[in-house]
Amino acid sequence: EHEPKLALEQDAYTLGQHIRKRFKGSQRSSKGKGIAIAVKSVAGHILYACTLGECGDVNLEYWSSIEGMIATVIKTGHSSYYVERNLTLHGRSPDQYGLTYPEYRLNGGAFPIWLTNATVAPIAVVAAYAESSQEDHQLVVKSIRDYLLKVHEEAMAEQGVASPGASHRRAGSVASLQ
C-alpha cells in the first residue's frame, strides 16, 4: 500500500486553510459567527492559527477554549468531542479524570493527528472553536477526511497508480474515528 508523504508545517497550513474555507462557506459564517482555528504540535509549536469573523465575533475566550481543547486531546489521545460525549454517556465529571477547568476544555472541535508508525501519542492537534461542539467536531473531521483523500489521490497520481474506491472509504473512516 502507498502511504502519502506529509510535511507537517505545510500540511498544517493547508489543513488550517481548508477548515477556514469550509467554515467561510457555512451557514454559521453567513449568520455572522466567528471561529478560531489552530494546529499545534504536541510540543507546543504553533503550526497554524487564524480567526475568521468580524471584530467582536472572536475573542480571547475562543483562544482559551482552543488551548484547553488541545490540552484535552494531548492528555487523552482522543478528540475533545469524543471525550465530552464519553463522559456524558457514563455520567462522569471531567474532574474525575483530571480534566480540570480551565486548563482542559471538553468543547468539540479538537482532533489528534497521528503518524501511522508512531502510535504512542499524537504528533499534533488540529482545533476549531465556534461555540458548537458537534458542528465544530464535524467541521474538523470532514476537513481532515477531505484533506487525507486529496493527499492520497495526489500520491497515487505521482506514482501512476489509479486510486481505488476502497481507499476513499478507508481514509474517510480513519478521519471519523474518535
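The values are calculated or read from the model by the stated rules, or taken from the named source; none is laboratory data. Every value quoted in this text rests on a predicted model; they were computed, and no experiment measured them. Positions of Cβ are backbone-derived with ideal geometry, glycine not excepted, and every protein chain shown enters the neighbour counts. Just so you know, the surface numbers come from the protein's heavy atoms only, side chains and all, with ligands and any DNA or RNA stripped out. Shrake-Rupley method; radii C 1.70, N 1.55, O 1.52, S 1.80 Å.
A few notes on this one:
- Kirkwood-type radius of the chain, with distances r between different C-alpha atoms, in Å: 16.7 Å
- Label zone of Q159 (point 7 Å out along Cα→Cβ, amide N under 19 Å): in the stretch 99-135 this covers 115-118.
- Alpha-carbon geometry of the stretch 1-81: the Rg and the Dmax are 14.1, 48 Å, given in that order.
- The loop-placed GluC sites (Glu not before Pro) in the stretch 68-137, going by DSSP, that have at most 13 neighbouring Cβ atoms within 10 Å of their Cβ come out as E103.
- Along its principal axes, the stretch 69-109 has C-alpha extents of 23, 17, 15 angstrom, given from the largest down.
- Assigned charges on the beta-carbon of Lys, Arg, Asp, Glu; the stretch 19-75 dipole about Cα centre (debye): 340 debye
- Protein-only accessible surface order, largest first, of T119, T100 at 1.4 Å: T119, T100
- Taking all Cα pairs closer than 8 Å and separated by 6 or more residues, the relative contact order of the chain comes to 22 percent.
- The listed peptides 64-73, 16-25, ordered by packing as a protection proxy, come out as 64-73, 16-25 (highest mean of other Cβ atoms within 10 Å first).
- Expressed as a fraction of 2.2 N^0.38 Å, the C-alpha radius of gyration for the stretch 82-140 is 1.22.
- Neighbourhood charge, 12 Å Cβ-Cβ cut-off, centred on I144 and excluding it, Lys, Arg +1 and Asp, Glu -1: +2
- Probe 1.4 Å, accessible area per residue of the chain, Å²: 55 Å²
- With K and R counted +1 and D and E -1, the other residues having a Cβ less than 15 Å from that of A130 yield a net charge of +3.
- Computed [θ] at 222 nm, deg cm²/dmol, the chain (DSSP H ≥ 4; -39,500 (n - 2.57); rounded to nearest 500): -15500 deg cm²/dmol
- Counting lysine pairs in the chain that sit 8 or more residues apart in sequence, or on different chains, and whose Cα atoms lie under 16 Å apart gives 9.
- Under the Karplus curve 6.51 cos²θ - 1.76 cosθ + 1.60, θ = phi - 60°, whole-Hz ³J(HN,Hα) for the stretch 64-78, x wherever Gly or Pro sits: 5, 5, 4, 4, x, 5, 4, 4, 5, 5, 5, 5, 9, x, 10
- Ordering S93, S65, Q138 by Cα displacement along the dipole of the chain toward the positive end leaves Q138 in first place; charges were set at the Cβ atoms of Lys, Arg (+1) and Asp, Glu (-1).
- Hypothetical label at A49: residues of the stretch 118-156 whose amide nitrogen lies under 17 Å (7 Å Cα-Cβ projection): 124-130
- Ranked from largest to smallest solvent-accessible area, with a 1.4 Å probe on the protein heavy atoms, Y81, Y129 come out as Y81, Y129.
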